[in-house]
Amino acid sequence: MTIYETEQEIIDEFSLFGDDWEMKYEHLIDIGKSLPLIDPQYKTDDRLIKGCQSKVWLHSELKDGNLLFRADSDAIITKGIVGLMVRVLSGHTPAEIMGAKLEFIDQIGLKEHLSPTRANGLVSMIKQMKLDALAYSVKN
Amino acid sequence: MESQAIHTATLDLSKIREDFPILLRKVGGKTLVYLDNGATSQKPKPVIDALVHYYDFQNSNIHRGIHKLSQEITIAYEKARETVQKHLNAAKAEEIIFTKGTTDSICLIANSFSKTFIKPGDEILITEMEHHSNILPWQMYCEENGVSLVVVPVTPEGELNLQDVKSLLGPKTKLFAFTHVSNTLGTINPAKELIALAHAKNIPVLIDGAQAIPHMKVDVQDLDADFYCFSAHKTFGPTGVGILYGKEKWLNAMPPYQVGGGTIKTVSFKKTVYAEVPLKFEAGTPHIEGGIGLAVALDYMNAIGLDHIAAYEQELLAYATKKLSAIDGLRIIGTAKEKAAVLSFVIEGLHPMDIGTLLDQQGIAVRTGHHCTQPLMDYYGVPGTVRASFAFYNTFEEVDKLVDALYKAIKMLT
Ligand SMILES: Cc1ncc(COP(=O)(O)O)c(C=O)c1O
């Protein structure tokens, strides 16, 4: 599936909830809870993306030309959104990741979580994902 | 309803709430429950009207024109200064300096008082419960000038131990700066006693009153405070303006901090003679309508009655404390005997930010995080707290809504 297709899949999933904030957030929380925990060895300070309030850890590695992400957060809603990002971006080539627009977050009504003032580290995480992609594309 | 039972203080809440247009706002389809007053308070109609009236009718610069508008607004601005003077019971209007806010007031002292009265090797005493605004100006000053910053620890309840204060006020201490009310814990520090301890050793005291002025009567002469700061925006006035009260004897001996238009008697390239207080500390065109709006806000509070406000808020706090304490796994951070209407808490196993996000979805505005008091968070070993901070326009029903919303958030998160 392309990045765009996964985004569409998530938009479809969330469209079931309509305006029901409770169902939407319960879904996010479920994703957060089911996200495989990042291996503690990668939960180091140099992989820590510090939001002012919640912390996000990101680990990336290149396998067969595709970049694999694993991530974690100490806040469960943040972790749910992190989970969506990983689902969309992980397993694609650095070039694809750098080009991803990630408009789905806006379309599923979670844009406020990506505001730079939100202090949850998500904006920085996306930046870091793209930076990692850039770094790997330069290396290869 | 249970909430009515202990509600005995006399405030006409429905009338008061009508004065705050923003309280009618809907957030996500629900009527806003605004419990972030510690960050900033809402403004009553008279304050909003005063700002509009200023631009509709009065706008002009102060202290410089001979024309009618300028004279009128100068008089209004100076009258606002007198309103603040009376509100704090300062001895003279000249002891009231308009600043940009609490932070600006503290920076003024850290940059000016220090030049005359502090030298390398001296100490400045603060406390562990200070807002960053009452830490960083001192930390930066101390680092640059070879002065030591000494910190009074807090007790687990979130109080200061007077014995600790006494022993840390030493021969080298040149200033004791502490918060009147903690923005994170709600603790009301015994300001008068603390000042007396410092004065017994001839040490002047600066009080950060940002969180006290919205909740209680403050009398700077009774306290015998040397400096007292607060922000208009936290006490129902406009943003961008605040107050530094200082005893005249200190202000007269202090050099100007920022200089420019308005601060002088005469200027030449060889020698400039600065104006008297307060003008020597008020460089440039000030926040004129802000000062006037602040006076209207203080008048508004006084019309309700500061004692009534304090009594009502104490009942609100007691009610909220009781209801929140009944929630499983909830721990209140800050359990001092004397508290203002500020409630910080954490819930076992849940991240404060998740709780805040789910409260926000239910129309309830609280603050989460470290509240600009990171050293305190370290002390309590939490990444942050959820903080509900109340004002006199908050109701018992709003406390009920907070509690219901919390139960829902907990259920969703666990
Ligand atoms: C205790 C305390 N001191 C200082 C400040 C800083 O106030 P301002 O941002 O208005 O300068 C605050 C505001 O949060 C506060 O709560």
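The values are calculated or read from the model by the stated rules, or taken from the named source; none is laboratory data. Please read all numbers here as calculations on a predicted model, not as lab measurements. Backbone-built Cβ (ideal geometry, glycine too); neighbour counts: all protein chains shown. Quick note on the areas: whole protein, heavy atoms, side chains included, nothing else; ligands and nucleic acids left out. Shrake-Rupley method; radii C 1.70, N 1.55, O 1.52, S 1.80 Å.
With the cut-off at 20 Å, tell me which of the pairs A:LYS24/A:LYS101; B:LYS201/B:LYS337; A:LYS24/B:LYS30; B:LYS119/B:LYS201 have Cα atoms farther apart than that. Beyond 20 Å between Cα atoms: A:LYS24/A:LYS101; B:LYS201/B:LYS337. A simple count of charges around B:LEU298, restricted to other residues whose Cβ falls under 13 Å of its Cβ and scoring Lys, Arg +1 and Asp, Glu -1, yields +4. For the protein assembly as shown, just say rounded, prolate or oblate: build the C-alpha gyration tensor, square-root its eigenvalues into a ≥ b ≥ c, call rounded for a/c under 1.5, and beyond that prolate if a/b exceeds b/c, oblate if not. It comes out prolate by the Cα gyration axes.
Within the accessible area of the protein assembly as shown, the carbon and sulfur atoms contribute 54%, probe 1.4 Å, all protein chains present. Does chain A come out rounded, prolate or oblate, given a ≥ b ≥ c as the square roots of the eigenvalues of its C-alpha gyration tensor, rounded meaning a/c under 1.5 and, failing that, prolate meaning a/b above b/c? Oblate, since a/c reaches 1.5 and b/c is not below a/b.
If one computes the Cα centroid of region B:282-306 and of region A:1-35, what distance in Å separates the two points? Result: 49 Å between the Cα centres. The phi-based Karplus calculation (6.51 cos²θ - 1.76 cosθ + 1.60; θ = phi - 60°) puts the 3J(HN,Hα) values of region B:352-358 at x, 5, 5, 4, x, 5, 6 Hz, whole numbers, x for Gly and Pro. Placing unit charges on the Cβ atoms only, positive for Lys and Arg and negative for Asp and Glu, gives the protein assembly as shown a dipole magnitude near 1520 debye about its Cα centre.
For chain B, leaving out every one of the GluC sites (Glu not before Pro) that falls in a DSSP loop and has at most 14 other Cβ atoms within 10 Å, the longest unbroken run is B:1-156.
Which angle between 0 and 90 degrees, to the nearest 10, do you get for helix B:306-325 versus the longest principal axis of chain B when only C-alpha atoms count? Once rounded, one gets 40 degrees.
Ranking A:ILE29, A:MET85, A:LEU134 by Cα position along the charge dipole of region A:3-139, where only Lys, Arg, Asp and Glu carry charges on their C-beta atoms, puts A:LEU134 farthest toward the positive end. Stretching the chain fully between A:GLU26 and A:ASP12 yields a gain of 3.4 nm (0.36 nm per residue, less the alpha carbon separation). Farthest toward the positive end of the dipole of region B:48-303, out of B:ALA200, B:LEU168, B:TYR257, is the Cα of B:TYR257, where the dipole comes from beta carbon charges about the Cα centre.
For B:TYR274, the amide hydrogen comes within under 5 Å of the amide hydrogens of B:LYS265, counting only partners 5 or more places away or on other chains and with H modelled in the peptide plane. Coupling constants for region B:279-288 follow from the phi torsions by the Karplus curve (6.51 cos²θ - 1.76 cosθ + 1.60, θ = phi - 60°), and in residue order they are 5, 5, 9, 10, 7, x, 5, x, 7, 4 Hz; glycine and proline get x.
When Lys and Arg each count +1 and Asp and Glu each count -1, what net charge do the other residues less than 13 Å away from B:TYR274, Cβ to Cβ, add up to? Summing Lys/Arg as +1 and Asp/Glu as -1 gives +1.
If you fit an axis through the alpha-carbon atoms of helix B:136-145 and take the longest principal axis of the Cα set of chain B, what angle between them do you get, 0 to 90°, nearest 10? Once rounded, the angle reads 40 degrees. Spatially, region A:98-117 and region B:372-414 are offset by 27 Å when compared through their Cα centroids. Take the protein assembly as shown with all the other protein chains still there, run a 1.4 Å probe, and you get 43 Å² of accessible area per residue. Annotation: amide H of B:THR173 within the under-5 Å range of B:GLU123, sequence separation 5 or more or interchain, hydrogens built in the peptide plane. The contact between chain B and chain A removes approximately 1500 Å² from the accessible area (both sides summed; 1.4 Å probe; ligands, DNA and RNA excluded). Taking 8 Å as the Cα distance limit and 6 or more residues as the minimum spacing, I'd like the relative contact order of chain B as a percentage. Contact order relative to length: 23 percent.
Overall, chain B carries a charge dipole of about 840 debye about its Cα centre when +1 sits on the Cβ of Lys and Arg and -1 on the Cβ of Asp and Glu, all other atoms neutral. Between region B:57-96 and region B:27-45, what is the separation of their alpha carbon centroids in Å? One Cα centre to the other: 30 Å.
Under the rule a/c < 1.5 gives rounded, and otherwise a/b versus b/c splits prolate from oblate, where does chain B land using the Cα gyration tensor? Cα axes put chain B in the oblate bin. Ranking B:PRO214, B:MET412, B:ILE332 by how far each Cα lies toward the positive end of the dipole of the protein assembly as shown (charges on Cβ) leaves B:PRO214 at the top.
Charge dipole (Cα centre; +1 on Lys/Arg Cβ, -1 on Asp/Glu Cβ; no other charges) of chain A amounts to roughly 680 debye.
Rounded to the nearest whole Hz, the Karplus-based 3J(HN,Hα) values (6.51 cos²θ - 1.76 cosθ + 1.60, θ = phi - 60°) of region B:213-226 follow the sequence 4, x, 10, 7, 6, 10, 10, 5, 6, 5, 5, 6, 5, 7, with x at glycine and proline.
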